[in-house]
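See structure below.
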Amino acid sequence: MIKPTCSASSAPDFLTVDEAAALLRVNRKTLYESIRLGQVPGVVHIGRSIRLRRDALLACVPGNGGPALGENR
């Protein structure tokens, strides 16, 4: 399990799926499914790799009335 050890000022702008899952405290499979369903903001596809914009993930406040990660509405 990856534990975020960077301070906010030194954290990378783009995260791997594993890093984003650790930041959001969700299972990586749940995050992959949510990405596939278009429920995650800031997704960047680079070839076969996926990166997520850290600021877009943090701006998406949980409890904002939208579906939970992996939940269909």
Which pairs do you get when a residue that is acidic (Asp, Glu) and modelled with pLDDT of 95 or more, found in segment 27-52, comes within reach of a residue that is surrounded by fewer than 17 Cβ atoms within 10 Å (Cβ to Cβ) and in a strand (DSSP E or B), reach meaning Cβ atoms under 7 angstrom, with the pair 6+ apart or on two chains? none
Output for segment 33-55, where each listed residue is surrounded by 15 or more Cβ atoms within 10 Å (Cβ to Cβ) and of a type outside the set (Val, Ile, Thr): 33, 34, 39, 42, 51, 52, 53, 54
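The values are calculated or read from the model by the stated rules, or taken from the named source; none is laboratory data. Note that the structure is a prediction, hence the values are computed from the model and not measured. Heads up, the Cβs are rebuilt from the backbone with ideal geometry, glycines too, and the neighbour counts pull from every protein chain shown.
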